[in-house]
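As C-alpha coordinates, the structure follows; a few thoughts come after it.
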Amino acid sequence: MSRLRVAIQKSGRLSEKSLDLLKNCGLRFARSKDKLFWYGKDFPVDLLLVRDDDIPRLLLDGVCDLGIVGENIASEVMLERNGGNGLHLLRKLGFGHCRLSIAIPEDLEINDSSSLEGLRIATSYPELTRYLLEQKNVTTEIVELSGSVEIAPGLGTADAISDLVSTGTTLRANHLRELEVIYESQAALYSREGEVEAEKQALLERLLARLEGVIQASESKYVMLHAPRDALDKVTELLPGVEHPSIMPLEGSDRIAIHAVCGEAVFWEHLEALKAVGASAILVLPVEKMLS
Ligand code: PRT
Ligand code: ZN
(Lines give C-alpha, C1' and ligand atoms only; values in the text may rest on other atoms or scores of the structure.)
(Ligands and ions follow the chains in the order given, each with its own letter.)
Protein backbone atom coordinates (compact mmCIF):
# COMPACT_ATOMS: atom_id res chain seq x y z
CA MET A 1 0.00 0.00 0.00
CA SER A 2 1.22 3.52 -0.85
CA ARG A 3 2.42 5.89 1.84
CA LEU A 4 3.02 9.63 1.61
CA ARG A 5 6.22 11.12 2.96
CA VAL A 6 6.01 14.68 4.27
CA ALA A 7 9.10 16.79 5.03
CA ILE A 8 8.84 19.41 7.78
CA GLN A 9 11.38 21.60 9.56
CA LYS A 10 13.12 19.74 12.41
CA SER A 11 13.65 22.71 14.70
CA GLY A 12 12.99 26.33 13.97
CA ARG A 13 10.25 28.85 13.42
CA LEU A 14 8.01 26.54 11.40
CA SER A 15 8.47 23.24 13.29
CA GLU A 16 5.83 23.45 15.98
CA LYS A 17 3.06 24.85 13.80
CA SER A 18 3.78 22.37 10.99
CA LEU A 19 3.54 19.45 13.39
CA ASP A 20 0.44 20.81 15.14
CA LEU A 21 -1.28 21.23 11.81
CA LEU A 22 -0.62 17.60 10.83
CA LYS A 23 -1.66 16.35 14.27
CA ASN A 24 -4.89 18.35 14.02
CA CYS A 25 -5.54 16.48 10.75
CA GLY A 26 -5.68 13.33 12.88
CA LEU A 27 -2.18 12.07 12.08
CA ARG A 28 -0.31 10.20 14.82
CA PHE A 29 3.35 9.23 14.63
CA ALA A 30 5.69 6.68 16.17
CA ARG A 31 8.90 8.60 16.78
CA SER A 32 12.00 6.72 15.77
CA LYS A 33 15.22 6.83 17.79
CA ASP A 34 17.16 9.00 15.35
CA LYS A 35 14.18 11.39 15.39
CA LEU A 36 14.53 12.14 11.67
CA PHE A 37 11.87 9.75 10.46
CA TRP A 38 8.49 9.43 12.17
CA TYR A 39 6.24 6.58 11.07
CA GLY A 40 2.54 7.43 10.62
CA LYS A 41 0.40 5.17 12.82
CA ASP A 42 -3.24 5.40 11.73
CA PHE A 43 -2.94 7.14 8.40
CA PRO A 44 -0.25 6.16 5.85
CA VAL A 45 1.63 9.46 6.08
CA ASP A 46 5.23 9.48 7.40
CA LEU A 47 7.31 12.46 8.47
CA LEU A 48 10.86 13.42 7.67
CA LEU A 49 12.32 16.09 9.98
CA VAL A 50 15.02 18.11 8.28
CA ARG A 51 16.53 21.60 7.88
CA ASP A 52 14.09 23.88 6.08
CA ASP A 53 16.58 24.61 3.27
CA ASP A 54 16.65 20.89 2.37
CA ILE A 55 12.88 20.54 1.95
CA PRO A 56 12.53 21.85 -1.65
CA ARG A 57 15.46 19.69 -2.78
CA LEU A 58 14.02 16.56 -1.13
CA LEU A 59 10.80 17.22 -3.05
CA LEU A 60 12.52 17.90 -6.38
CA ASP A 61 14.64 14.74 -5.97
CA GLY A 62 11.58 12.60 -5.26
CA VAL A 63 12.64 11.68 -1.70
CA CYS A 64 9.44 13.23 -0.28
CA ASP A 65 5.96 13.70 -1.71
CA LEU A 66 4.98 16.77 0.31
CA GLY A 67 6.81 19.47 2.22
CA ILE A 68 5.93 22.36 4.50
CA VAL A 69 8.33 25.24 3.95
CA GLY A 70 8.42 29.03 3.62
CA GLU A 71 7.62 30.32 0.14
CA ASN A 72 10.91 32.25 0.33
CA ILE A 73 12.94 29.01 0.50
CA ALA A 74 10.84 27.19 -2.10
CA SER A 75 11.20 30.07 -4.57
CA GLU A 76 14.95 30.42 -3.94
CA VAL A 77 15.64 26.73 -4.54
CA MET A 78 13.36 26.55 -7.59
CA LEU A 79 15.20 29.50 -9.15
CA GLU A 80 18.56 27.95 -8.32
CA ARG A 81 17.76 24.44 -9.46
CA ASN A 82 14.99 24.60 -11.98
CA GLY A 83 14.58 28.00 -13.57
CA GLY A 84 11.84 28.86 -11.07
CA ASN A 85 9.79 25.70 -11.66
CA GLY A 86 9.42 22.18 -10.33
CA LEU A 87 7.28 22.59 -7.23
CA HIS A 88 3.56 22.98 -6.94
CA LEU A 89 2.11 25.15 -4.15
CA LEU A 90 -0.92 23.22 -2.84
CA ARG A 91 -1.99 25.44 0.05
CA LYS A 92 -0.72 28.50 1.90
CA LEU A 93 -0.91 27.64 5.59
CA GLY A 94 -1.42 30.96 7.35
CA PHE A 95 1.68 30.96 9.59
CA GLY A 96 5.39 31.84 9.23
CA HIS A 97 4.53 35.20 7.68
CA CYS A 98 7.47 37.42 6.77
CA ARG A 99 8.68 39.67 3.97
CA LEU A 100 11.87 39.87 1.98
CA SER A 101 12.89 43.51 2.05
CA ILE A 102 15.68 45.68 0.80
CA ALA A 103 17.14 47.61 3.72
CA ILE A 104 19.75 50.33 3.68
CA PRO A 105 21.80 52.22 6.28
CA GLU A 106 19.58 54.83 7.99
CA ASP A 107 21.70 57.71 6.67
CA LEU A 108 21.80 56.59 3.02
CA GLU A 109 19.64 58.95 0.97
CA ILE A 110 17.81 56.60 -1.37
CA ASN A 111 14.02 56.49 -1.70
CA ASP A 112 13.31 53.50 -3.91
CA SER A 113 14.89 50.40 -5.35
CA SER A 114 15.67 52.02 -8.72
CA SER A 115 18.52 53.90 -7.03
CA LEU A 116 20.18 50.60 -6.07
CA GLU A 117 21.69 50.22 -9.57
CA GLY A 118 25.30 49.01 -9.33
CA LEU A 119 25.29 48.74 -5.52
CA ARG A 120 26.38 45.67 -3.52
CA ILE A 121 23.47 43.85 -1.84
CA ALA A 122 24.17 41.25 0.87
CA THR A 123 21.62 38.43 1.14
CA SER A 124 20.99 34.78 1.94
CA TYR A 125 18.50 34.76 -0.95
CA PRO A 126 20.75 35.51 -3.96
CA GLU A 127 18.56 33.98 -6.67
CA LEU A 128 15.29 35.45 -5.44
CA THR A 129 16.81 38.89 -4.84
CA ARG A 130 18.51 38.98 -8.25
CA TYR A 131 15.32 37.79 -9.96
CA LEU A 132 13.04 40.31 -8.20
CA LEU A 133 15.38 43.25 -8.80
CA GLU A 134 15.78 42.27 -12.45
CA GLN A 135 11.99 42.42 -12.74
CA LYS A 136 12.35 46.06 -11.66
CA ASN A 137 15.15 46.56 -14.22
CA VAL A 138 17.74 47.09 -11.48
CA THR A 139 21.12 45.36 -11.77
CA THR A 140 23.10 44.96 -8.55
CA GLU A 141 26.11 43.05 -7.31
CA ILE A 142 24.85 40.26 -5.06
CA VAL A 143 27.02 39.37 -2.06
CA GLU A 144 25.89 35.96 -0.83
CA LEU A 145 26.00 35.42 2.94
CA SER A 146 24.61 32.46 4.87
CA GLY A 147 23.73 34.43 8.00
CA SER A 148 24.06 37.73 9.92
CA VAL A 149 23.27 39.62 6.74
CA GLU A 150 22.24 42.70 8.73
CA ILE A 151 25.81 43.45 9.82
CA ALA A 152 27.23 43.57 6.26
CA PRO A 153 26.68 47.32 5.63
CA GLY A 154 28.31 48.19 8.97
CA LEU A 155 31.30 46.02 8.08
CA GLY A 156 31.57 47.67 4.69
CA THR A 157 31.10 44.42 2.73
CA ALA A 158 27.81 45.61 1.17
CA ASP A 159 25.89 48.85 0.57
CA ALA A 160 22.45 47.40 1.32
CA ILE A 161 20.84 44.10 2.29
CA SER A 162 17.95 41.95 1.15
CA ASP A 163 16.69 40.00 4.16
CA LEU A 164 13.62 38.55 5.82
CA VAL A 165 11.79 40.90 8.15
CA SER A 166 8.90 40.24 10.49
CA THR A 167 8.79 42.83 13.28
CA GLY A 168 11.62 45.06 11.97
CA THR A 169 13.48 44.90 15.33
CA THR A 170 16.65 43.42 13.80
CA LEU A 171 16.82 46.17 11.18
CA ARG A 172 16.35 48.92 13.76
CA ALA A 173 18.97 47.40 16.06
CA ASN A 174 21.45 47.53 13.19
CA HIS A 175 20.57 51.09 12.12
CA LEU A 176 19.01 49.93 8.89
CA ARG A 177 15.88 51.32 7.24
CA GLU A 178 13.41 49.15 5.30
CA LEU A 179 13.44 50.63 1.80
CA GLU A 180 11.09 48.32 -0.07
CA VAL A 181 9.29 45.01 0.37
CA ILE A 182 10.19 42.85 -2.65
CA TYR A 183 8.49 39.58 -1.69
CA GLU A 184 5.84 38.38 0.80
CA SER A 185 6.11 34.90 2.26
CA GLN A 186 4.36 32.43 4.54
CA ALA A 187 4.60 28.70 5.20
CA ALA A 188 2.99 26.59 2.46
CA LEU A 189 2.42 22.97 1.54
CA TYR A 190 4.26 21.95 -1.63
CA SER A 191 4.36 18.87 -3.87
CA ARG A 192 6.44 18.08 -6.92
CA GLU A 193 5.02 19.10 -10.29
CA GLY A 194 3.87 16.25 -12.49
CA GLU A 195 1.87 13.03 -12.37
CA VAL A 196 1.31 11.13 -9.12
CA GLU A 197 0.27 7.45 -8.97
CA ALA A 198 -3.47 7.03 -8.38
CA GLU A 199 -3.24 5.60 -4.85
CA LYS A 200 -0.97 8.40 -3.65
CA GLN A 201 -3.18 10.99 -5.33
CA ALA A 202 -6.21 9.63 -3.44
CA LEU A 203 -4.29 9.82 -0.15
CA LEU A 204 -3.15 13.33 -0.96
CA GLU A 205 -6.71 14.44 -1.63
CA ARG A 206 -7.90 13.00 1.70
CA LEU A 207 -5.11 14.79 3.52
CA LEU A 208 -5.83 18.06 1.72
CA ALA A 209 -9.54 17.89 2.60
CA ARG A 210 -8.66 17.41 6.28
CA LEU A 211 -6.11 20.22 6.10
CA GLU A 212 -8.67 22.53 4.56
CA GLY A 213 -11.08 21.64 7.38
CA VAL A 214 -8.49 22.30 10.09
CA ILE A 215 -7.46 25.66 8.60
CA GLN A 216 -11.05 26.75 8.03
CA ALA A 217 -12.05 25.66 11.53
CA SER A 218 -9.20 27.60 13.09
CA GLU A 219 -10.35 30.72 11.27
CA SER A 220 -14.03 30.19 12.11
CA LYS A 221 -16.22 30.89 15.12
CA TYR A 222 -19.67 29.57 16.04
CA VAL A 223 -21.86 32.46 17.14
CA MET A 224 -25.15 32.07 19.04
CA LEU A 225 -27.41 34.96 20.02
CA HIS A 226 -30.99 36.08 20.63
CA ALA A 227 -32.48 38.94 18.62
CA PRO A 228 -35.84 40.56 17.78
CA ARG A 229 -37.45 38.70 14.86
CA ASP A 230 -37.50 41.87 12.73
CA ALA A 231 -33.74 42.43 13.24
CA LEU A 232 -32.80 39.20 11.44
CA ASP A 233 -31.52 40.90 8.27
CA LYS A 234 -29.47 43.46 10.18
CA VAL A 235 -27.98 40.76 12.43
CA THR A 236 -27.06 38.53 9.46
CA GLU A 237 -25.36 41.46 7.76
CA LEU A 238 -23.30 42.19 10.86
CA LEU A 239 -22.03 38.62 11.31
CA PRO A 240 -18.64 38.40 9.53
CA GLY A 241 -18.43 35.81 6.74
CA VAL A 242 -21.83 34.17 7.34
CA GLU A 243 -23.87 32.57 4.58
CA HIS A 244 -26.82 30.64 6.03
CA PRO A 245 -27.59 31.18 9.71
CA SER A 246 -29.95 28.80 11.53
CA ILE A 247 -33.06 30.51 12.94
CA MET A 248 -34.98 29.08 15.89
CA PRO A 249 -38.12 30.46 17.57
CA LEU A 250 -37.94 31.14 21.32
CA GLU A 251 -41.00 29.80 23.20
CA GLY A 252 -43.43 32.54 24.29
CA SER A 253 -41.30 35.39 22.93
CA ASP A 254 -41.15 37.62 19.87
CA ARG A 255 -37.40 37.09 19.85
CA ILE A 256 -35.54 34.39 17.92
CA ALA A 257 -32.29 32.46 18.42
CA ILE A 258 -29.73 32.75 15.64
CA HIS A 259 -26.81 30.32 15.26
CA ALA A 260 -24.14 30.84 12.61
CA VAL A 261 -20.63 29.84 11.62
CA CYS A 262 -18.57 32.98 11.00
CA GLY A 263 -15.84 32.35 8.44
CA GLU A 264 -13.93 35.49 9.39
CA ALA A 265 -12.53 36.84 12.66
CA VAL A 266 -15.15 38.06 15.15
CA PHE A 267 -14.06 41.17 17.07
CA TRP A 268 -15.56 43.01 20.06
CA GLU A 269 -16.68 45.72 17.59
CA HIS A 270 -18.89 43.13 15.86
CA LEU A 271 -20.50 42.13 19.17
CA GLU A 272 -21.12 45.76 20.12
CA ALA A 273 -22.76 46.41 16.73
CA LEU A 274 -24.96 43.32 17.19
CA LYS A 275 -26.01 44.51 20.65
CA ALA A 276 -26.89 47.90 19.18
CA VAL A 277 -29.44 46.31 16.83
CA GLY A 278 -31.09 44.43 19.71
CA ALA A 279 -29.10 41.19 20.05
CA SER A 280 -28.55 39.69 23.51
CA ALA A 281 -27.04 36.54 25.05
CA ILE A 282 -24.28 36.63 22.44
CA LEU A 283 -21.89 33.64 22.63
CA VAL A 284 -18.80 33.12 20.47
CA LEU A 285 -17.37 29.58 20.47
CA PRO A 286 -14.33 28.04 18.77
CA VAL A 287 -14.91 25.48 16.01
CA GLU A 288 -12.84 22.33 16.42
CA LYS A 289 -13.40 20.39 13.19
CA MET A 290 -15.12 21.16 9.90
CA LEU A 291 -15.69 19.09 6.76
CA SER A 292 -17.55 20.60 3.86
O1 PRT B 1 17.85 25.18 10.91
P2 PRT B 1 17.03 25.55 9.73
O3 PRT B 1 17.82 25.80 8.48
O4 PRT B 1 15.89 24.57 9.55
O5 PRT B 1 16.29 26.92 10.15
P6 PRT B 1 16.63 28.44 9.76
O7 PRT B 1 17.37 29.03 10.91
O8 PRT B 1 17.17 28.55 8.41
O9 PRT B 1 15.17 29.05 9.65
P10 PRT B 1 14.21 29.71 10.74
O11 PRT B 1 13.63 28.68 11.64
O12 PRT B 1 14.82 30.92 11.35
O13 PRT B 1 13.06 30.25 9.72
C14 PRT B 1 12.28 29.38 9.01
C15 PRT B 1 11.34 30.17 8.14
O16 PRT B 1 10.53 31.02 8.94
C17 PRT B 1 11.96 31.14 7.15
O18 PRT B 1 12.42 30.51 5.97
C19 PRT B 1 10.80 32.07 6.85
O20 PRT B 1 9.95 31.50 5.88
C21 PRT B 1 10.05 32.12 8.18
N22 PRT B 1 10.27 33.38 8.94
C23 PRT B 1 9.27 34.16 9.42
C24 PRT B 1 11.43 33.97 9.26
C25 PRT B 1 11.13 35.13 9.97
N26 PRT B 1 9.78 35.20 10.07
C27 PRT B 1 12.20 35.97 10.46
N28 PRT B 1 11.92 37.00 11.07
N29 PRT B 1 12.72 33.60 9.04
C30 PRT B 1 13.71 34.38 9.52
N31 PRT B 1 13.51 35.54 10.20
C32 PRT B 1 14.76 36.26 10.68
C33 PRT B 1 15.34 37.19 9.61
O34 PRT B 1 16.22 36.48 8.76
C35 PRT B 1 16.07 38.24 10.45
O36 PRT B 1 17.33 37.79 10.83
O37 PRT B 1 14.48 37.10 11.77
C38 PRT B 1 15.19 38.32 11.67
C39 PRT B 1 14.23 39.47 11.49
O40 PRT B 1 13.18 39.40 12.39
P41 PRT B 1 12.53 40.75 12.99
O42 PRT B 1 11.36 40.29 13.78
O43 PRT B 1 13.60 41.37 13.85
O44 PRT B 1 12.14 41.63 11.83
ZN1 ZN C 1 17.44 27.20 7.04
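At a Förster distance of 51 Å, what's the computed FRET efficiency of residue 232 paired with residue 63, Cβ-Cβ distance as r, to 0.05? It comes out at approximately 0.40.
Summarise the accessible area of region 98-184 (1.4 Å probe, protein heavy atoms) by the percent that is carbon and sulfur.
Result for region 98-184: 45 percent of the exposed heavy-atom area is carbon or sulfur.
For the peptides 177-184, 27-34, residues were scored by their other Cβ atoms within 10 Å and the scores averaged per peptide; the highest-first order is 177-184, 27-34. Be a star and scan region 232-269 for residues whose amide nitrogen sits under 18 Å from the point 7 Å along the Cα-to-Cβ vector of residue 219. From region 232-269, the list is 239-244, 261-267.
With bins 5 Å wide beginning at 0, the percent of Cα pairs of region 98-184 falling in each bin runs 3, 17, 31, 30, 16, 3, 0. The angle between the Cα long axis of helix 198-219 and the main principal axis of the chain comes to about 70°, on a 0 to 90 degree scale.
FRET efficiency for the pair residue 31 and residue 173, taken as 1/(1 + (r/R0)^6) with r the Cβ-Cβ distance and R0 = 25 Å, rounds to 0.10. Each distinct pair of alpha carbons in region 51-148 adds a 1/r term; the inverse of their mean, the Kirkwood radius, is 15.0 Å. With a 1.4 Å probe rolled over the protein heavy atoms of all chains, the accessible area of 88, 226, 244 falls in the order 244, 88, 226, largest first. Each residue of region 186-195 is assigned a 3J(HN,Hα), and the resulting list reads 8, 5, 9, 9, 10, 10, 7, 5, x, 5 Hz, derived from the Karplus form 6.51 cos²θ - 1.76 cosθ + 1.60 (θ = phi - 60°), x at Gly and Pro.
For the set 117, 127, 237, solvent exposure ranked by accessible area (probe 1.4 Å, protein chains only) runs largest to smallest as 237, 117, 127.
Over the chain, Cα pairs under 8 Å with separation of 6+ residues give a relative contact order of 18 percent. Axis angle, to the nearest 10 degrees, between helix 71-82 and the longest C-alpha principal axis of the chain: 50 degrees.
On the principal axes of its alpha-carbon atoms, region 220-286 has extents of 33, 21, 18 Å, going from largest to smallest. At the residue level, residue 3 shows approximately 70 square angstrom of accessible surface with a 1.4 angstrom probe and all protein chains present. Evaluate the Debye formula for the chain with equal point scatterers sitting on the alpha carbons, no solvent, and hand back log10 of I(q)/I(0) at q = 0.07, 0.08, 0.10, 0.15 Å⁻¹, in q order, two decimals. Reported log10 I(q)/I(0), two decimals: -0.40, -0.51, -0.73, -1.07. Normalised per residue, the accessible area of the chain is 55 Å², obtained with a 1.4 Å probe and no contribution from ligands, DNA or RNA. For 269, 76, 219, the ranking by accessible surface with the largest value first comes to 269, 219, 76, using a 1.4 Å probe. Surface composition of region 220-286: carbon plus sulfur atoms hold 57% of the accessible area, using a 1.4 angstrom probe and ignoring ligands, DNA and RNA.
The distance separating the Cα centre of region 55-85 from that of region 181-228 comes to 19 Å.
The values are calculated or read from the model by the stated rules, or taken from the named source; none is laboratory data. Small disclaimer: the values here were computed from a predicted structure and weren't measured. Using ideal geometry, Cβ is built from the backbone for each residue, glycine included, and neighbour counts are taken over all protein chains shown. Accessible surface areas use protein heavy atoms only, side chains included; no ligands, DNA or RNA. Shrake-Rupley method; radii C 1.70, N 1.55, O 1.52, S 1.80 Å.
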